[in-house]
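Below: the structure, in structure tokens.
The values are calculated or read from the model by the stated rules, or taken from the named source; none is laboratory data. Computed from a prediction, not measured in an experiment: that's the story for all the values here. Here the Cβ positions follow ideal geometry from the backbone for every residue, glycine too, while neighbour counts run over all protein chains shown. Just so you know, the surface numbers come from the protein's heavy atoms only, side chains and all, with ligands and any DNA or RNA stripped out. Shrake-Rupley method; radii C 1.70, N 1.55, O 1.52, S 1.80 Å.
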Amino acid sequence: MGSSEGWKLRCIGCGRIASTEIPDSRCRKCGDLLEIRISRRIDRQSFYTRDGPGIWRFARALPLPPEAEPVSLEEGGTPLVRTSRLGTKMGLENLYAKNDGQNPTGSFKDRGMTVAVTRAKTLGAQALVCASTGNTAASLAAYAARAGMKAVVVVPRAGVASGKLGQAFAYGAKVFGVEGNFDQALATVFDLVRRDDRFYLMNSVNPFRIEGQKVTAFEIYEQLTRVPDYVVLPVGNAGNISAIWKGFLEMRAWGIINALPRMIGVQAEGAAPLARAYSSGKAFSPLKEPHTVASAIRIGNPVSWKKALNAISESGGKAVVVSDDEIMDMKRKLAQEEGLLVEAASAAPFAALPRLKLPQKAEVVCIATGNGLKDLSEHGGDQKIEGVDGPDAIINSIGGRL
Ligand code: F0G
């Protein structure tokens, strides 16, 4: 499998080539993660085809046979928005938001899900399963529906944003809750796929997810027409930072770019096992009780920690923390000063900028990973509405402040 199709599955630990897909996506010999190595020839001319939407324009760089029919909702191809005031205020002339909240289910997860569900379909999988803090659940549910397959999602019983849960139910997924956090949900899903191979694992340990998500790097390069100096993004289970770095490395290997960006991973103070390992220089160790207002990245034991630390050190980047207050303050600023409504986790990279003190002229791309419409709880609802019985009430209320 694989090599004749132009790609291989390789263990990041011992380098062993896996001859088949493994239910828990881990190397049979050493237990480390697997990654896909694209072995087909790619160059500037064959890198992308102009026809086809979103990430599938780069089909040649993805590990699927040319005849595979993508299970797609036209994901990817999201805007790269230059900030107008916020960047300047923080001393950055070239600050961009890659607005991945504009994907079909409102998060970057759709990029990976389209590839992994397409792969699962070619394998004849019956039920697709993931653990999730919400966005992966919503995305899996949608793509499973699109493919005519069953979706099973396991979430922390408490703390998942209601919009994300609502999406999972709306797309027809079967939803289970664990007493505990994402890490317990993921452990449950690992046990499930090892026990019963009718369930196909769809978390970002599934290397096909990473392949779809790496396209973010291709798009950033294409939209900016250059490689940015910095890519800054929130880190939870650590799949996306690994994926985007892989995308840049591949473009360099194919002779499309020469430079590489520095990758900066941002975690919330109370859920920062990677940032702690990075700044202490000590070995990575998981955190038992992660806590943060940014529920999407409330993760203590990121499964792709090794890939993420590689991405950070190879690129000369950093892992940093931000406080919950900084996150929520930035979330408000992004909405009220830029018109960008992102979820809390997605405000984290912007919130990290004042601490990073990057050069004024640096080109900085923050990944706005998820749409703020999924979680509007902190903005209040009808209790905040001011009653009105005619124009006078409005003029009296705000007329003096115009
Ligand atoms: N931003 C958002 C909005 C997320 O939903 C996630 C992860 C991340 C950032 C972190 O990405 O895990 O690749 O490092 N959400 C997962 C989920 C865990 O279940 O939806 P990562």
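Observations, loosely collected:
- Condition broken by Ala185, with the remaining ones in (1) within 15 Å of the ligand (Cβ to nearest atom); (2) without any contact (Cβ under 8 Å) to a residue 24 or more places away in the chain; (3) out of contact with any Asp or Glu (no Cβ under 6 Å at 6 or more places or on another chain) satisfied: (2)
- Close pairs (6 angstrom Cβ cut-off, 6 or more residues apart or separate chains): touching a residue at least 24 places away in the same chain (Cβ under 8 Å) in segment 145-162, open to solvent by 70 Å² or more (accessible area, probe 1.4 Å) anywhere: Ala145/Tyr171; Ala147/Lys121; Val152/Lys174; Val154/Phe176
- Of all the criteria given as (1) at pLDDT 95 or above; (2) within 13 Å of the ligand (Cβ to nearest atom); (3) open to solvent by 10 Å² or more (accessible area, probe 1.4 Å), the one not satisfied by Gly159 is (1).
- Selection within segment 33-50 - surrounded by 14 or more Cβ atoms within 10 Å (Cβ to Cβ) and in contact with a helix residue (DSSP H, G or I) (Cβ under 8 Å, 6 or more places away or on another chain): Leu33, Leu34, Glu35, Ile36, Ile38, Ser39, Ile42, Phe47, Tyr48
- Residue count for segment 345-365, restricted to those that are over 18 Å from Thr292 (Cβ atoms) and within 16 Å of the ligand (Cβ to nearest atom): 1
- Selection within segment 51-76 - touching an Asp or Glu at 6+ places or on another chain (Cβ under 7 Å) and either in a loop (DSSP other than H, G, I, E, B) or surrounded by fewer than 19 Cβ atoms within 10 Å (Cβ to Cβ) (or both): Pro53, Leu62, Pro63, Pro65, Leu73, Glu75, Gly76
- In this entry, Arg28 is excluded by the filter for residues that are of a type in the set (D, E, K, R) and in contact (Cβ under 8 Å) with a residue 40 or more places away in the chain.
- Filtered residues of segment 266-302 (kept if part of a loop (DSSP other than H, G, I, E, B), in contact with a Gly (Cβ under 9 Å, 6 or more places away or on another chain) and buried (at least 22 other Cβ atoms within 10 Å of the Cβ)): Pro290, Thr292, Ala294, Arg298, Ile299, Pro302
- Of all residues in segment 164-192, those satisfying the criterion of being under 26 Å from His379 (Cα atoms) and crowded, with 22+ Cβ neighbours inside 10 Å are Lys164, Gln167, Ala168, Asn181, Phe182.
- Scanning segment 131-156 for residues that are assigned to a helix (DSSP H, G or I), touching a Gly at 6+ places or on another chain (Cβ under 6 Å) and buried (at least 24 other Cβ atoms within 10 Å of the Cβ) gives a single hit, Asn135.
- Odd one out for Ala144, checked against (1) at pLDDT 95 or above; (2) within 13 Å of the ligand (Cβ to nearest atom): (2)
- Filtering segment 221-247 to residues that are part of a helix (DSSP H, G or I) and within 16 Å of the ligand (Cβ to nearest atom) leaves Gly239, Asn240, Ile241, Ser242, Ala243, Ile244, Trp245, Lys246, Gly247.
- Leu128 being within 16 Å of the ligand (Cβ to nearest atom), assigned to a strand (DSSP E or B), on the phi < 0 side of the Ramachandran plot and touching a helix residue (DSSP H, G or I) at 6+ places or on another chain (Cβ under 7 Å): yes
- Hits in segment 322-342 (condition: over 17 Å from Thr83 (Cα atoms) and either within 16 Å of the ligand (Cβ to nearest atom) or surrounded by 18 or more Cβ atoms within 10 Å (Cβ to Cβ) (or both)): Val322, Asp324, Glu326, Ile327, Met328
- Unmet requirement for Phe208, which otherwise passes all of (1) out of contact with any helix residue (DSSP H, G or I) (no Cβ under 9 Å at 6 or more places or on another chain); (2) open to solvent by less than 10 Å² (accessible area, probe 1.4 Å); (3) farther than 20 Å from Asn301 by Cβ: (1)
- Phe218 being away from the ligand (no atom under 14 Å from the Cβ), more than 30 Å from Gly87 (Cα to Cα) and either of a type in the set (Phe, Trp, Tyr) or buried (at least 24 other Cβ atoms within 10 Å of the Cβ) (or both): no
- Looking across segment 93-117 at every residue that is open to solvent by 10 Å² or more (accessible area, probe 1.4 Å) and over 22 Å from Gly148 (Cβ atoms), the one that is farthest from the ligand (Cβ to nearest atom) is identified as Glu93.
- If you go through segment 67-92 and pick out every residue that is out of contact with any strand residue (DSSP E or B) (no Cβ under 9 Å at 6 or more places or on another chain) and more than 13 Å from Trp56 (Cα to Cα), you end up with 5.
- Within segment 193-212, being touching a strand residue (DSSP E or B) at 6+ places or on another chain (Cβ under 8 Å), of a type in the set (D, E, K, R) and within 14 Å of the ligand (Cβ to nearest atom) holds for one residue alone: Glu211.
- Lone qualifier among Ala348, Ala362 - being at pLDDT 95 or above, of a type outside the set (S, T, N, Q) and under 21 Å from the mean Cα position of the chain (by Cα): Ala348
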